Structure formats: structure tokens, C-alpha cells
Amino acid sequence: MGRSQTQQDFQHESVQDTESVVTYLEAVIGGLRDGKLVLRSDERLLYMFPHGLMTLEVKAKRSGPRNKIALKMTWKDSKPAPDAPLEIGK
């Protein structure tokens, strides 16, 4: 039996102080270590299960007084192995 793949999106943007941003980043680190990220804001909820090899992309830009850094991590979910028939032989 196959499972259907659906696209789920989560996006959140807000102004935070530095300590709050650090707390969020520490939560992401904990989720990466535990293999489970839970993203929740209002009624939006998304579970992710990071594991194995990941692609990490870091972009940074400075333009006058404005600074920007973007971190992007991508990975592929493991697909469950199909049920294989039992084979016994000599």
C-alpha cells in the first residue's frame, strides 16, 4: 500500500528580540537532534522528521545598515520499504 504525498506549508514572520530568536534557533537544534520538529502558530501545525544527510545553505547580505542571514536545510523523507514476499530456498 502506498501513502499519498501531500504538500504542507508553514510560514511565520514576526519581529523578535535577539534572545527570542536564540530560543527559537535552540528549539530547531533540539528538533534536529531528536529527529522531530514541530512548527506551530495559531491553527497552523507542521511535523517534520529530519534525519540522515541534509543540504545546508547559508546566505548572508549586508547593505548599509541592513543585515540579512538565511539558513535553509533540506532532506528527503525515507520511503517505507515495500512488503517483499517471503522466499525460502537452498
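The values are calculated or read from the model by the stated rules, or taken from the named source; none is laboratory data. Worth saying up front: this structure is predicted, and the values here are computed from it rather than measured. All Cβ positions, glycine included, derive from the backbone under ideal geometry; neighbour counts span all protein chains shown.
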_Take LEU53 and tell me if it is free of Cβ contacts under 8 Å to residues at least 40 places away in the same chain and assigned to a strand (DSSP E or B)._
no
*Hits in region 27-60 - residues which are of a type in the set (Asp, Glu) and either in contact with a Ser or Thr (Cβ under 7 Å, 6 or more places away or on another chain) or over 15 Å from PHE10 (Cα atoms) (or both)*: ASP34, GLU57
*List every residue pair whose Cβ atoms lie under 6 Å apart, where the two residues are 6 or more positions apart in sequence or sit on different chains, the first residue falls within region 23-49 and is without any contact (Cβ under 8 Å) to a residue 24 or more places away in the chain, and the second residue, located anywhere, is among the small types (Gly, Ala, Ser).*
LEU37/GLY31
_Residue list for region 1-22, restricted to those being modelled with pLDDT of 95 or more, of a type outside the set (A, V, I, L, M, F, W, C) and surrounded by 10 or more Cβ atoms within 10 Å (Cβ to Cβ)_ = GLN16, SER20
*Determine which single condition LEU32 fails, assuming it passes every other condition in (1) more than 18 Å from LEU71 (Cα to Cα); (2) at pLDDT 95 or above; (3) not β-branched (Val, Ile, Thr).*
(1)
